[in-house]
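Taking it in order: structure first as structure tokens, then the write-up.
Computed from the coordinates by the stated procedures, all read-outs in this text should not be read as laboratory data. Keep in mind it's a predicted model, so treat the numbers as computed, not measured. Don't worry about glycine lacking a Cβ; one is built from the backbone with ideal geometry, like all the others, and counts go over all protein chains shown.
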Amino acid sequence: MDLVVKRFEELTLNELYEILKARAEVFVVEQNCPYQDLDEKDKRAYHVYLKDESGIQAYLRVVDKGVSFEEVSIGRVLTVKRGFGLGKELMLAGIKVAKEKLRADKIRIGAQSYAKGFYEKVGFKQVSDEFMLDGIPHIEMLLELQEI
């Protein structure tokens, strides 16, 4: 499995197509949730994904500070190939990108409520009440990064 980390302007057309295809497959088709995926935030983000010979198997974006939240944020987290620990591997890579490339001291996410336990396993803590977004219950979660 190869890890790829690129800013929006570094993505090839094929990479962008595969990213958008994976996001539509998981968030629109699988979750039956029509929403506006193309939100201008992609242009201000690092795109981080794991791929194999079959294509993208897990993806997320690390969004610059001040775009989604005051803090650096991670979003559009998905896995196509499930049950292999790719989600955790990808989240740890995304946290590393936030810290090293964007000098984040905190990362805020808007998480689907059902995934709270997953994010807690990598250190995020719930910091908001539940709210509805695109018809799906969400919560905000925060990860405070410590200097090592």
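Some points to look at:
- Tally of residues being without any contact (Cβ under 8 Å) to a residue 12 or more places away in the chain and either basic (Lys, Arg) or surrounded by 15 or more Cβ atoms within 10 Å (Cβ to Cβ) (or both) across region 116-136: 0
- Of the residues in region 34-48, at least one is crowded, with 18+ Cβ neighbours inside 10 Å, touching a Gly at 6+ places or on another chain (Cβ under 9 Å) and among the β-branched types (Val, Ile, Thr).
- Lone unmet requirement of (1) acidic (Asp, Glu); (2) crowded, with 16+ Cβ neighbours inside 10 Å; (3) under 15 Å from the mean Cα position of the chain (by Cα) for Glu18: (3)
- The lone exception for Gln146 - which of (1) over 19 Å from Ala98 (Cβ atoms); (2) surrounded by fewer than 16 Cβ atoms within 10 Å (Cβ to Cβ); (3) of a type outside the set (D, E, K, R); (4) free of Cβ contacts under 8 Å to residues at least 60 places away in the same chain it fails: (1)
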